[in-house]
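To keep things clear, I will list the structure first and then write my remarks on it.
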Amino acid sequence: MKIKIIFDNEVLNSKFSIGWGFSCLVGEDLLFDTGESAESLLNNMRQLDINLSKIKDIVISHDHWDHTGGLWKILEKNKSVRVWGCPGFSRNFKNRVKSQKINLTEAQNLMQIRENIFTTGEIQGKYHLEDISEQSLVVKTSKGLVVITGCSHPGIVKILEQVRNYFPQDNFYLVFGGFHLLHKDLREVEMIVSRFKEMKVQLVGPTHCTGLQAKELFKKMYKNNFLSIKAGKIIEL
């Protein structure tokens, strides 16, 4: 299986459009998040030879603008997709999806999307003192679990602990995406990196809202097991 990084605030080369937010394609037909801009998302999809008409499922981690920006244009072009959200997403988001006659599944708990691919379902967090619902993606591989996060508003460690509860017999192979450590102090970031090590996460790829300080600390601790995540990168599982 391949995972193609479509949208990020860093790019592999000048062919790709840069922007705030995140998006990746898992396999051939599952899209996780859609970045901030439809124009940039579609350009990057073209550069990666992604056929929009083949996409069957779109998983939205949380309904913030930098993860839903490209969604509406995709729904205009592909009416056969199924969108995966959470019960705690805004009424505006849900109504907008349903108004386009799109199937919306609200994942409250762990749900299987297809063979070996799952959503964690809704995990509660805080954003500017407000409650926020977020889900992450889990892919079971022969090497272990791959966990893909949008922004990790509930806390990246909390997310991994929930995944561990769901899959107690599986090890963590790769964790990547936004870890939301941009404004965390060094001591807290150090504790989080240590927790990753304790949980035996083999490979790590922090990006988007993780923050430079946290990314550098992960890179220092993981060395050759650190993945640089940028739009245009293809991860082979």
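The values are calculated or read from the model by the stated rules, or taken from the named source; none is laboratory data. Computed from a prediction, not measured in an experiment: that's the story for all the values here. Cβ: placed from backbone, ideal geometry, glycine included. Neighbour counts: every protein chain shown.
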Under the condition of being surrounded by fewer than 17 Cβ atoms within 10 Å (Cβ to Cβ) and farther than 21 Å from ASP131 by Cβ, which residue from the range 80-104 is nearest to the chain's Cα centre (by Cα)?
ARG82
Complete set of residues in the range 1-34 that are of a type in the set (A, V, I, L, M) and either in contact with a Ser or Thr (Cβ under 7 Å, 6 or more places away or on another chain) or touching a residue at least 40 places away in the same chain (Cβ under 8 Å) (or both):
MET1, ILE3, ILE5, ILE6, VAL11, LEU12, ILE18, VAL26, LEU30, LEU31
Among VAL146, VAL139, VAL175, which is the only one that is buried (at least 23 other Cβ atoms within 10 Å of the Cβ), of a type in the set (A, V, I, L, M, F, W, C) and over 19 Å from GLN213 (Cβ atoms)?
VAL146
Within the range 168-180, does at least one residue satisfy the condition of being among the acidic types (Asp, Glu), modelled with pLDDT of 95 or more and over 21 Å from LYS233 (Cβ atoms)?
yes
If you take the residues in the range 105-118 that are free of Cβ contacts under 8 Å to residues at least 40 places away in the same chain and not hydrophobic (A, V, I, L, M, F, W, C), which one is surrounded by the fewest Cβ atoms within 10 Å (Cβ to Cβ)?
GLU115
Identify the single condition in (1) more than 16 Å from THR149 (Cα to Cα); (2) surrounded by 13 or more Cβ atoms within 10 Å (Cβ to Cβ) that ASP63 does not satisfy, given that it satisfies every other one.
(1)
Going through the range 154-212 one residue at a time, which ones are in a strand (DSSP E or B), closer than 21 Å to GLN124 by Cα and in contact with a helix residue (DSSP H, G or I) (Cβ under 6 Å, 6 or more places away or on another chain)?
GLY178, PRO206
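Does the range 189-237 hold any residues that are on the phi > 0 side of the Ramachandran plot and exposed (fewer than 15 other Cβ atoms within 10 Å of the Cβ), and which are they? Give the steps one after another, and end with the answer.
Applying the first criterion (on the phi > 0 side of the Ramachandran plot) to the range 189-237 yields 200, 208, 211, 223, 232.
Selection gives LYS200, LYS223.
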Can you pull out the residues in the range 1-22 that are buried (at least 18 other Cβ atoms within 10 Å of the Cβ) and under 17 Å from GLY70 (Cβ atoms)?
LYS4, ILE5, ILE6, PHE7, ASP8, ASN9, VAL11, PHE16, SER17, GLY19, GLY21, PHE22
So which residues in the range 106-133 are part of a strand (DSSP E or B) and under 11 Å from GLN162 (Cβ atoms), if there are any at all?
ILE123, GLN124
Taking first residues from the range 35-62 that are on the phi > 0 side of the Ramachandran plot and second residues anywhere that are assigned to a loop (DSSP other than H, G, I, E, B), the pairs with Cβ under 7 Å that are 6 or more apart or on different chains are GLY35/GLY19; GLY35/GLY21; GLY35/PHE22; GLY35/GLY69; GLY35/GLY70
